[in-house]
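The values are calculated or read from the model by the stated rules, or taken from the named source; none is laboratory data. Note that the structure is a prediction, hence the values are computed from the model and not measured. When we count neighbours, we look across all protein chains shown, and the Cβ atoms used for this are built from the backbone with ideal geometry, even at glycine. To get the accessible areas, we keep the full protein, side chains included, count just its heavy atoms, and leave off ligands, DNA and RNA. Shrake-Rupley method; radii C 1.70, N 1.55, O 1.52, S 1.80 Å.
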Amino acid sequence: MGVTVEVHRVYRYPFEQVVASYLRKYPSPMEKHVMAVETVEEKTDLSTGIIYRRRIATCWNVIPEILRKVSVLKVPDIHLEEESWLNMQKRYMVMKTHCLTWTQYASLSEESVFRESLENPDWTDFTQKGRISVTGAGLLNCVLEAFARSFLKQGVKKVSHLLLCGSCLL
């Protein structure tokens, strides 16, 4: 089955400022689930100017304690891999994230796109699509997907808030 969440938002800030905020948003006291983010690869394509980054995020396991009775869910932290392609000339960035933990039971993917707004070149269009699908957990599939839906929606709100807060966009 699976859970999908989509959001579109226009930030009334220039592309460069929004992207810089997004790339430095973690770790943050406002987002306590993310413990660390490590850049493991960064390179620039000299012919296109596109900057490629690959980062690994370590997050606390947010699965409710009652569900962690299932041994496979009883891990202290979760690892996510994020890849991004930033084109400053065209004012466009794509980020793709997927979960490295529990890959035999669930898939999590997220794609975010930042681009100069067509409405105003000093604004930024942001689109994000996330999907979680749980398999191999038997009767818990639906329960875990319901939790995932709630968590994804909260995450989208937090990301929007983190980007909009004054200190992030300065």
### Task
Taking the residues in the range 66-98 that are at pLDDT 85 or above and touching a Leu at 6+ places or on another chain (Cβ under 7 Å) as candidates, determine which candidate is least open to solvent (accessible area, probe 1.4 Å).
Met93
#### Entry: Matching residues in the range 101-122 - criterion: being modelled with pLDDT of 95 or more, crowded, with 17+ Cβ neighbours inside 10 Å and among the hydrophobic types (A, V, I, L, M, F, W, C)
Phe114
### Query
So which residues in the range 1-30 are surrounded by 16 or more Cβ atoms within 10 Å (Cβ to Cβ) and part of a strand (DSSP E or B)?
Val3, Val5, Val7, Tyr11
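Within the group Arg149, Arg55, which residue is modelled with pLDDT of 75 or more and either open to solvent by 70 Å² or more (accessible area, probe 1.4 Å) or part of a strand (DSSP E or B) (or both)?
Numbers: Arg149 fails: modelled with pLDDT of 75 or more.
So the residue among Arg149, Arg55 that is modelled with pLDDT of 75 or more and either open to solvent by 70 Å² or more (accessible area, probe 1.4 Å) or part of a strand (DSSP E or B) (or both) is Arg55.
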